[in-house]
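Okay, structure first, notes after.
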Amino acid sequence: MSISHASRVVRARLPILSSALLVALSACSQQVADQAQPDASLASDATSLEHVITSFTFRAADNPGLTVDAVGDISAPEISVSVPRGTDLTSLIPTVTYLGEALTPASGTPQDFSAPVSYIVTAADGSIGSYRVSVQPLCADGLTLCDADCVDVQSSDASCGACGYACPSDEHCDAGVCVGACPTLDFPSVSLRTVPAPDSLLAEYASLSDTSCNPMPRCFIDTDNIIDAHTGERLDTSVHLSSNLTLSDFVHTELESWGPYVLVAPSIVEVVQAIRSRSGRALAIVSGYRSPAHQREVCRSMCGADSCPGCERVTRHEWGDAVDLEIAPEHYSEYRGYARDAGAGTCLDRGFHIDTRPCALGCPP
């Protein structure tokens, strides 16, 4: 075959190959295009299953009692909406957006939201999505919603500290804590609440008290529940009553064996702190408050009886305004002068005793 003839054959075949190639490429392109297009029937099926609420709002423009829109918090199947306290809930108009064919009740229809209201979204295939809409009054700052009322849980006797926590009838709510009708003790460094004494302790004082020098004590510090009267903070016996003196300094011997209720007079704290400041030396309080039972035990240890010479039946330790200090005898005169300058009486027959008694009753131990 000549070269010219071979060339004619190749040229004749090229159109045939080109046509076949174009057909193949066209088919491939169509297949890719078909794959890129979503299945219309599948999209239709997905749409038919939609039954979702996407937003729930009380618009201020539709509800005269509102100054701003109240937008619902959706956590299917619950929707919660807060509105200002005092809003009329009986005829609120919601604006609802949703995915689906129908909504019951319809958006824009007034409803009574005094109780939860059910909303149903129906999809194209008839399936439904159910929602429950609850509207809660929004309390002002500092108030807590308890049932249907906005309550100050810092002062409410019915809900003290938390909703539903009611104070006993003989107590009231103060800074979120139930307290009795007892005075605050104002010490130099802190003010502490007092509580009514238990009947068993009051009975101990019944035969010791009179109306002048030894009035019946009614309120005590409960060392199991020490409360700062101003802040409501719970404290312990390490709390400083003054710059250098703690509650424990005055009550440690009582707490060792006798009970949690103690008396400490602010006057004795002021005196002991004044002595400490004048001397410039640390002071050890050997004994401070003693309950009547504790005092009887002290007397028995001294003479084998509840009351004996040098251990009077009544001592200011039982009223919380006396202490015994650990002072070396050679310093008695110095410290007695400090105590006198601070306005306290002293007794030196059985150690260094000081008190702020209202009456001169001798020198108890």
For the stretch 218-262, give me each residue that is in contact (Cβ under 8 Å) with a residue 12 or more places away in the chain, farther than 27 Å from ARG340 by Cβ and out of contact with any strand residue (DSSP E or B) (no Cβ under 8 Å at 6 or more places or on another chain). ASP224, THR231, SER257, TRP258, GLY259
Scanning the stretch 185-201 residue by residue, the ones that are modelled with pLDDT of 90 or more and more than 22 Å from the chain's Cα centre (by Cα) total 7
Does ASP199 qualify as being touching a residue at least 60 places away in the same chain (Cβ under 8 Å) and over 30 Å from PRO84 (Cα atoms)? no
Does the stretch 245-252 include one or more residues that are touching a Phe, Trp or Tyr at 6+ places or on another chain (Cβ under 7 Å), closer than 19 Å to GLU326 by Cβ and buried (at least 16 other Cβ atoms within 10 Å of the Cβ)? yes
Flag for ALA274 being among the hydrophobic types (A, V, I, L, M, F, W, C) and at pLDDT below 95: no
Would you check if CYS173 is under 21 Å from the mean Cα position of the chain (by Cα), over 23 Å from VAL269 (Cβ atoms), of a type outside the set (Lys, Arg) and not in a loop (DSSP other than H, G, I, E, B)? yes
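Conditions tested, residue by residue: (1) modelled with pLDDT of 95 or more; (2) loosely packed, with under 11 Cβ neighbours inside 10 Å; (3) under 30 Å from THR144 (Cβ atoms).
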| residue | (1), (2), (3) |
| --- | --- |
| ASP45 | no, no, no |
| SER55 | yes, no, yes |
| ARG59 | yes, no, yes |
| ASP69 | no, no, yes |
| ASP88 | no, no, yes |
| THR97 | yes, no, no |
| ALA106 | yes, yes, no |
| GLN111 | yes, no, yes |
| ILE120 | yes, no, no |
Quick check on SER209: is it closer than 28 Å to TYR338 by Cβ, free of Cβ contacts under 8 Å to residues at least 24 places away in the same chain, surrounded by fewer than 19 Cβ atoms within 10 Å (Cβ to Cβ) and out of contact with any Phe, Trp or Tyr (no Cβ under 9 Å at 6 or more places or on another chain)? no
Being within 19 Å of PRO183 (Cα to Cα) and either in contact (Cβ under 8 Å) with a residue 40 or more places away in the chain or among the hydrophobic types (A, V, I, L, M, F, W, C) (or both) narrows it down to one residue among ALA284, ALA293, ALA265; which is it? ALA265
Counting only residues that are under 22 Å from LEU143 (Cβ atoms) and either surrounded by 15 or more Cβ atoms within 10 Å (Cβ to Cβ) or free of Cβ contacts under 8 Å to residues at least 24 places away in the same chain (or both), how many does the stretch 73-84 have? 5
Could you list, in sequence order, all residues of the stretch 253-282 that are acidic (Asp, Glu) and buried (at least 16 other Cβ atoms within 10 Å of the Cβ)? GLU254, GLU270
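The values are calculated or read from the model by the stated rules, or taken from the named source; none is laboratory data. Since the model is a prediction, treat every value here as computed from it, not as a measurement. Ideal geometry is used to build each Cβ from the backbone, glycine not excepted, and the neighbour counts take in all protein chains shown.
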